[in-house]
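The values are calculated or read from the model by the stated rules, or taken from the named source; none is laboratory data. Note that this is a predicted model, so its numbers are computed, not measured. Here Cβ is always computed from backbone atoms with ideal geometry, including for glycine, and neighbour counts include all displayed protein chains.
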């Protein structure tokens, strides 16, 4: 076996926690049941990895086979990546075509390899007819770097693709391949980003008002209990029961009575010009606008916002700039003077 391929296998397997090893290897579906039974998970991890490398060599694993294992690992640990959302659109007179997955894969790969000599593309079909794509980028003179790939999750017959962070230089090429292969006309990156891929999907597909669960459903249930029906801190005294009921009603109307999609932050860039009826002053003749950046962050931002008014920390209703995040499908905002 090629020494570089053996090292790629070794480093890919090393990432897998021991308690997940057998589950991920079975999902990979490359090694036979007899080969899997030979693996002794009670020995040191280095020894387990070495045994697996030998089994892969015995079965003549290819680069594409190992890339598939890396996709399986990434599917399980998708919250370790930061995900962007791309939205595509068709031309005004373009009809919706019947989608052919094999044609999409072939077209996507050809477009990339026609433009960039050194790139490896690996596909893995997923649930709901979606497809995972793994891209290892090189240059015209350098082989693809298998240790810094880009991952793409695309849902056919929707305008959305979710991508892990990729080099700036490859974004136009990736966008072109997605657009042409899926028979769309244009593609833009949405102002929406998170580590929680399931939450991004819930937002763009408008599924957050259903029984939405993220990768940590126990956390979602716990956060839900902190919503409208939370046990208020005994130090917070509500002197007006009517006001308390109003706050609960407004909060429920704004956020709904269901767990919110999980986002870690919302960022607001403000740009405004100084205005004053008074003559003179340091800022009166300033031509450049005043700029500031405000960032709200939390392990579960939307649930945190939802709990502010019931906890007496903020007035209800909250600003639409905070509550519109799921409906607008964005957590990056630019606010300018009209």
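Report whether or not residue 120 is within 17 Å of residue 136 (Cα to Cα), touching a residue at least 60 places away in the same chain (Cβ under 8 Å) and either touching a strand residue (DSSP E or B) at 6+ places or on another chain (Cβ under 6 Å) or exposed (fewer than 14 other Cβ atoms within 10 Å of the Cβ) (or both). Taking the combined requirement at face value, the residue does not satisfy it. Candidates 275, 286, 249: the one that is modelled with pLDDT of 90 or more, outside the structural domain of residue 188 (by TED's automatic domain parsing) and over 30 Å from residue 83 (Cα atoms) is 249. When segment 66-84 is limited to residues that are surrounded by fewer than 17 Cβ atoms within 10 Å (Cβ to Cβ) and more than 20 Å from residue 192 (Cβ to Cβ), the one that is farthest from the chain's Cα centre (by Cα) turns out to be 76.
Which is in contact (Cβ under 8 Å) with a residue 24 or more places away in the chain and either part of a helix (DSSP H, G or I) or in the same structural domain as residue 146 (by TED's automatic domain parsing) (or both), of 64, 51, 46? Quick ask: steps written out before the conclusion?
Working: 51 fails: in contact (Cβ under 8 Å) with a residue 24 or more places away in the chain; 46 fails: in contact (Cβ under 8 Å) with a residue 24 or more places away in the chain.
Exactly one of 64, 51, 46 is in contact (Cβ under 8 Å) with a residue 24 or more places away in the chain and either part of a helix (DSSP H, G or I) or in the same structural domain as residue 146 (by TED's automatic domain parsing) (or both), namely 64.
Which one is farthest from residue 83 (Cα to Cα), of the residues in segment 176-221 that are modelled with pLDDT of 95 or more and in a loop (DSSP other than H, G, I, E, B)? Taking the candidates together, the pick is 196.
Can you tell me which of 133, 111 is touching a strand residue (DSSP E or B) at 6+ places or on another chain (Cβ under 7 Å) and either in a helix (DSSP H, G or I) or crowded, with 16+ Cβ neighbours inside 10 Å (or both)? Let's see the steps before the verdict.
Values: 111 fails: touching a strand residue (DSSP E or B) at 6+ places or on another chain (Cβ under 7 Å).
So the residue among 133, 111 that is touching a strand residue (DSSP E or B) at 6+ places or on another chain (Cβ under 7 Å) and either in a helix (DSSP H, G or I) or crowded, with 16+ Cβ neighbours inside 10 Å (or both) is 133.
Looking at segment 300-332, which of the residues that are out of contact with any helix residue (DSSP H, G or I) (no Cβ under 7 Å at 6 or more places or on another chain) and within 15 Å of residue 261 (Cβ to Cβ) is surrounded by the most Cβ atoms within 10 Å (Cβ to Cβ)?
Step one: of segment 300-332, the residues out of contact with any helix residue (DSSP H, G or I) (no Cβ under 7 Å at 6 or more places or on another chain) are 301, 304, 307-308, 311-313, 315, 319-321, 324, 327-328, 330, 332.
Add one more test, that the residue is within 15 Å of residue 261 (Cβ to Cβ), and what stays is 301, 304, 324, 327-328, 330.
Numbers: 301: 21, 304: 17, 324: 14, 327: 11, 328: 15, 330: 18.
This residue is 301.
Let's see how each residue does on (1) in a helix (DSSP H, G or I); (2) farther than 19 Å from residue 67 by Cβ:
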| position | (1), (2) |
| --- | --- |
| 1 | no, no |
| 9 | yes, no |
| 22 | yes, yes |
| 26 | yes, no |
| 39 | no, yes |
